[in-house]
1. So which residues in the stretch 1-23 are under 30 Å from Asn48 (Cα atoms), surrounded by 10 or more Cβ atoms within 10 Å (Cβ to Cβ) and without any contact (Cβ under 8 Å) to a residue 40 or more places away in the chain?
2. Across the stretch 24-42, which residue is modelled with the lowest pLDDT among those that are open to solvent by less than 90 Å² (accessible area, probe 1.4 Å) and part of a helix (DSSP H, G or I)?
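The values are calculated or read from the model by the stated rules, or taken from the named source; none is laboratory data. What you see is a predicted model; the values in this text were computed from it and never measured. Don't worry about glycine lacking a Cβ; one is built from the backbone with ideal geometry, like all the others, and counts go over all protein chains shown. Areas reflect the complete protein model, heavy atoms only, side chains present, ligands, DNA and RNA absent. Shrake-Rupley method; radii C 1.70, N 1.55, O 1.52, S 1.80 Å.
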Amino acid sequence: MDRYRGKVSNTLLAEIKASKTAVEALYKIFEVMISEVEDTPSGYLIVNSAVELGALKLLET
């Protein structure tokens, strides 16, 4: 999960640093987030992992 989060963070930071204005940076952030959703299979890795780990915790108690 740390590696996945780092990849997204690095991509966002690179786009923000390359932007000339704050408005351009905001557009880039949305573009990256939209492309991440389109390139990702159904569901979101971090959310799915948290839900699954939470369910396991409930079963353990």
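1. Within the stretch 1-23, Gly6, Lys7, Val8, Ser9, Asn10, Thr11, Leu12, Leu13, Ala14, Glu15, Ile16 meet the criteria.
2. So the residue we want is Glu36.
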